[in-house]
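Down below is the structure, laid out as structure tokens.
The values are calculated or read from the model by the stated rules, or taken from the named source; none is laboratory data. Everything numeric here is computed off the predicted structure, so don't read it as measured data. Note that we place each Cβ from the backbone using ideal geometry, even for glycine, and neighbour counts take in every protein chain shown.
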Amino acid sequence: MAQRPGFPIKLDQKTTVKPAKVAVVSSPAINPLGLGLDSSAVRRRMVEKLAAQGLKDPMVLQAMGTVERHRFVESALVNQAYEDTSLPIGLGQTISKPNVVARMMELLREGATGKLGRVLEIGTGCGYQAAVLSHIATEVYSIERLKGLHEKARANLRHFRLPNVHLLFGDGMLGYPKGAPYAAIISAAGGENLPQAWLDQLAVGGRLVAPTVTANGQQALMVVDKTAQGFKQSVLEAVHFVPLKSGIS
Ligand code: SAH
């Protein structure tokens, strides 16, 4: 297997005692937060992998290469932040794997030219996907039902200063009528049915992407287009998202 540098980079002991190498440690490429490595190189590799997996929307790949995923996970998981794996974010919830985040963004943007308009995200979680969305949409409204995660996302996102991301604490099954109509709605949690509020709050010409339980009892990605003639629904690949729950906690 090809040798990949870990993240954060691990210096062996011999390296740290050699003065010549110590100079490398203090180079500007080293992350001042002590995370070790200039993470853009690791992200670039992640994006290359996404492209190799068939993801191709340049705006989405650019966004995935920009957002520092390692800032959204616990320090013990930083090493895995750019692996194609979902990771725990606390309170029994998970951040989706990069491939799934990118796939959903591509579906949202399919056929769009330029950035999307207002987007509603259900399930802010740690705030990672909201940060990615902020690069492909003009405004992002993101709702979380767990206070602890809503606050965590707020803390995580502070660093990025994204004026177009609006974090809301509430039950996302009700949508967020004040921001409607939305060019796109994306859910990071899967329910039995698509809430009527989402369909109502979607703009004509807009698209909804959400994991939903299908007839065979399994979760699949559901894409719904709202047209002047009505809704057009497609069921795509099987997925595994945390459950969509009603109410706040
Ligand atoms: N996009 C998130 C993924 C979080 S996991 C990220 O990047 O981290 C899905 C989230 O959906 C969980 O935090 C869960 O609490 C939340 N959720 C589930 N049902 C919800 C609802 N009705 N309203 C708002 N959030 C909900």
Could you grab me the full set of residues in region 125-159 that are within 17 Å of A63 (Cβ to Cβ) and β-branched (V, I, T)? V132, I136, T138, V140
Could you grab me the full set of residues in region 145-175 that are aliphatic (A, V, I, L, M), over 20 Å from D200 (Cα atoms) and in contact (Cβ under 8 Å) with a residue 12 or more places away in the chain? L146, L149, A153, L157, L162, V165, L167
Please find, within region 97-119, the residue that is nearest to the ligand (Cβ to nearest atom) out of those that are closer than 18 Å to Q53 by Cβ and of a type in the set (D, E, K, R). K97
Which one of these does L91 not meet: (1) more than 8 Å from the ligand (Cβ to nearest atom); (2) over 19 Å from N164 (Cα atoms); (3) more than 14 Å from the chain's Cα centre (by Cα)? (1)
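Might you let me know whether region 183-199 holds any residue that is surrounded by 14 or more Cβ atoms within 10 Å (Cβ to Cβ), touching a residue at least 12 places away in the same chain (Cβ under 8 Å) and either over 29 Å from D225 (Cβ atoms) or touching a Cys at 6+ places or on another chain (Cβ under 8 Å) (or both)?
Taking region 183-199 first, the residues surrounded by 14 or more Cβ atoms within 10 Å (Cβ to Cβ) are 183-191, 194-195, 197-199.
Still in the list and also touching a residue at least 12 places away in the same chain (Cβ under 8 Å): 183-191, 194-195, 197-199.
Retained after the next criterion (residues that are either over 29 Å from D225 (Cβ atoms) or touching a Cys at 6+ places or on another chain (Cβ under 8 Å) (or both)): none.
There is no residue in region 183-199 that is surrounded by 14 or more Cβ atoms within 10 Å (Cβ to Cβ), touching a residue at least 12 places away in the same chain (Cβ under 8 Å) and either over 29 Å from D225 (Cβ atoms) or touching a Cys at 6+ places or on another chain (Cβ under 8 Å) (or both).
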Near pairs, Cβ below 7 angstrom, 6+ apart or cross-chain, from region 115-144 (touching a residue at least 60 places away in the same chain (Cβ under 8 Å)) to any residue that is near the ligand (Cβ under 9 Å from one of its atoms) and part of a loop (DSSP other than H, G, I, E, B): E121/A188; I122/A188; G123/A188; G125/A188
For region 153-207, name all the residues that are of a type in the set (A, V, I, L, M, F, W, C) and either farther than 26 Å from G114 by Cβ or part of a helix (DSSP H, G or I) (or both). A153, A155, L157, F169, M173, L174, A189, L194, A197, W198, L199
Out of region 101-122, which residues are modelled with pLDDT of 95 or more and aliphatic (A, V, I, L, M)? V101, A102, M104, M105, L107, L108, L116, V119, L120, I122
Which one of these is surrounded by fewer than 24 Cβ atoms within 10 Å (Cβ to Cβ) and either within 11 Å of the ligand (Cβ to nearest atom) or under 15 Å from the mean Cα position of the chain (by Cα) (or both): I122, I136? I136
